[in-house]
Amino acid sequence: MKEDKTRMMTTVMKIRNCMIPAGICMMLLPACEQKTSQQAETAVQEYYVAAYVWPSCHDEELSRTLIWPDGTGEWEVIRKGNRHFDGHNQPRQPLWGYEMDDDPQVVEKWIDAAAGHGVNVFIYDWYWYNEAPFQENALNDGFLKARNRDKMQFYLMWANHDVYRSFFNVHLYGDETSMLWDARVDWRSYKALVERIIDRYFRQPNYFKIDGKPVFAVFDTNKLLESFGGSMEETCRALDYFREEVKKAGFPGLHIQWNQPWGSMMSEERAAQFSARLDSMGYNSVAMYNMGGFNEDYLVYGAGAFRILERMDSTVNVPVFPCVSVGWDDTPRFPDKSSDQIVHYNNTPTSFAMLLLKAKAYVDRHPGQPKLIVVNSWNEWVEGGYLLPDMLNGFGYLEAVKDVIVDGKYDGYAPVDSVSME
């Protein structure tokens, strides 16, 4: 099983179009390749820290009409966060204020802060409903128009989940849970989606690739199956279509990444079924949106997440990239949540740094695959998970990334592989 992973990823170190932010350590080239002076100048960086970007904090006609009428995107909801108990950090207060994520000058500041602290990939949440994109302006007008965009790579995570009316703005819809958008697609819509992604994004010089293949994550494979009548055969045909269109565009192939929120400790039977589904659908890797499991104590949450990660890694035949979550508090969206449904104990930049150190040790134990660590997230203010500076922790979370990834502050102090918090 592990041999299959290594064989699949024999050239993973040759990731095309890699940007090299100042201060990032350079990876050692494979032993079989002699390092010339020219290679040394263009050597790719050793670690990839990829943070999810939730593109909701700007004004678009559709979102203003149906979700956030104030014209400030989801800032409208974030500002209404309120404390549920003593010490509850609500509402969240961004250091730089309520800036629009489709403003290229704002994103230029993001990129400088990210690159300067070791975050070198943005994973943009990407939506497609009713045969059209949604919330795409943050990427098109913000990131892709930023003058320093060459410092940062990016890839897409197709967030193909349904949206209910009360989900994004409970203050507007109250308890109304009727469907606003169904994430299913038909063949016509799917083909338009594929064409748009290839032409607008995969061709960008800073699109993140593994072995020259653009990386594309799918959030909800079950919803993808629903799109094609629940047929595994038809869904695989759809994924094969995507792969062939990517090849026609001049790429060697498509790297499809399985993505999902949370995750839990799987039984042997469930783990075997999961592995079989990955193999049959041709997924190339796994990366979670949040750390697996959940607990209101960040230390317990993190320990459980790494047990889930190790179990998954020992089961499947493709690389499993570790995810480290900054935290979780979505009470601005769901004001009725109790304290045990959010993370609020031991949730500090230091504890985040220690989990990031464990993730770094994990990828170091997998030399045959890219040293990719995903982080939830860059700017999920509404869910209480963000690297961006705020009034409580300042640059604490970004400094944690820099300490662990860029400066190697804790190198030589290998963390324990798993921690029992029972």
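Given the structure, is residue 173 touching a helix residue (DSSP H, G or I) at 6+ places or on another chain (Cβ under 8 Å) and more than 22 Å from residue 59 (Cβ to Cβ)?
No: the conditions fail for residue 173.
So which pairs qualify, if the first residue must be in the stretch 65-76 and outside any loop (DSSP other than H, G, I, E, B), the second must be charged (D, E, K, R) and modelled with pLDDT of 95 or more, the Cβ gap must be under 6 Å, and the two must be at least 6 apart or on different chains?
Sorted first by the residue in the stretch 65-76, then by its partner, the pairs are 76/70.
What is the residue count in the stretch 356-404 for residues that are over 29 Å from residue 139 (Cα atoms), among the hydrophobic types (A, V, I, L, M, F, W, C) and surrounded by 20 or more Cβ atoms within 10 Å (Cβ to Cβ)?
1
If you check residue 303 against the conditions, is it part of a helix (DSSP H, G or I), hydrophobic (A, V, I, L, M, F, W, C) and at pLDDT below 95?
Spelling it out, it is not the case that residue 303 is part of a helix (DSSP H, G or I), hydrophobic (A, V, I, L, M, F, W, C) and at pLDDT below 95.
Residues in the stretch 201-222: is at least one over 26 Å from residue 370 (Cβ atoms) and touching a strand residue (DSSP E or B) at 6+ places or on another chain (Cβ under 7 Å)?
No - not one qualifying residue is present in the stretch 201-222.
Kindly indicate whether any position in the stretch 151-169 is at negative phi, open to solvent by less than 30 Å² (accessible area, probe 1.4 Å), among the small types (Gly, Ala, Ser) and out of contact with any helix residue (DSSP H, G or I) (no Cβ under 6 Å at 6 or more places or on another chain).
Scanning the stretch 151-169 turns up at least one residue that is at negative phi, open to solvent by less than 30 Å² (accessible area, probe 1.4 Å), among the small types (Gly, Ala, Ser) and out of contact with any helix residue (DSSP H, G or I) (no Cβ under 6 Å at 6 or more places or on another chain).
Out of all the residues in the stretch 107-121, is one or more assigned to a loop (DSSP other than H, G, I, E, B), at pLDDT 95 or above, farther than 28 Å from residue 353 by Cβ and open to solvent by 20 Å² or more (accessible area, probe 1.4 Å)?
No; the residues of the stretch 107-121 include none that is assigned to a loop (DSSP other than H, G, I, E, B), at pLDDT 95 or above, farther than 28 Å from residue 353 by Cβ and open to solvent by 20 Å² or more (accessible area, probe 1.4 Å).
Among the residues in the stretch 38-49, are any more than 22 Å from the chain's Cα centre (by Cα), of a type in the set (S, T, N, Q), open to solvent by 10 Å² or more (accessible area, probe 1.4 Å) and modelled with pLDDT of 95 or more?
Looking through the stretch 38-49, none of the residues is more than 22 Å from the chain's Cα centre (by Cα), of a type in the set (S, T, N, Q), open to solvent by 10 Å² or more (accessible area, probe 1.4 Å) and modelled with pLDDT of 95 or more.
If I go through the stretch 170-211 residue by residue, how many of them are more than 27 Å from residue 74 (Cβ to Cβ) and surrounded by 15 or more Cβ atoms within 10 Å (Cβ to Cβ)?
Residues flagged as more than 27 Å from residue 74 (Cβ to Cβ) and surrounded by 15 or more Cβ atoms within 10 Å (Cβ to Cβ) within the stretch 170-211 amount to 8.
Can you tell which of 337, 409, 360, 402 is without any contact (Cβ under 8 Å) to a residue 12 or more places away in the chain and not in a strand (DSSP E or B)?
None of the other options fit; the residue is 409.
Looking at the stretch 118-135, is at least one residue in contact with a Gly (Cβ under 9 Å, 6 or more places away or on another chain), in contact (Cβ under 8 Å) with a residue 60 or more places away in the chain and not polar (S, T, N, Q)?
Taking every residue of the stretch 118-135 in turn, at least one turns out to be in contact with a Gly (Cβ under 9 Å, 6 or more places away or on another chain), in contact (Cβ under 8 Å) with a residue 60 or more places away in the chain and not polar (S, T, N, Q).
Confirm whether residue 261 is open to solvent by 20 Å² or more (accessible area, probe 1.4 Å), part of a loop (DSSP other than H, G, I, E, B) and modelled with pLDDT of 95 or more.
no
Spot the failing condition for residue 101; the list is (1) open to solvent by 30 Å² or more (accessible area, probe 1.4 Å); (2) in contact with a His (Cβ under 9 Å, 6 or more places away or on another chain); (3) over 19 Å from residue 394 (Cβ atoms), and only one is missed.
(1)
In the stretch 60-96, which residue that is β-branched (Val, Ile, Thr) and open to solvent by less than 20 Å² (accessible area, probe 1.4 Å) is farthest from residue 379 (Cα to Cα)?
Among them, the one singled out is 67.
The values are calculated or read from the model by the stated rules, or taken from the named source; none is laboratory data. These numbers come from a predicted model, not from an experiment. Heads up, the Cβs are rebuilt from the backbone with ideal geometry, glycines too, and the neighbour counts pull from every protein chain shown. Surface areas here come from the heavy atoms of the whole protein model, side chains and all, with no ligands, DNA or RNA. Shrake-Rupley method; radii C 1.70, N 1.55, O 1.52, S 1.80 Å.
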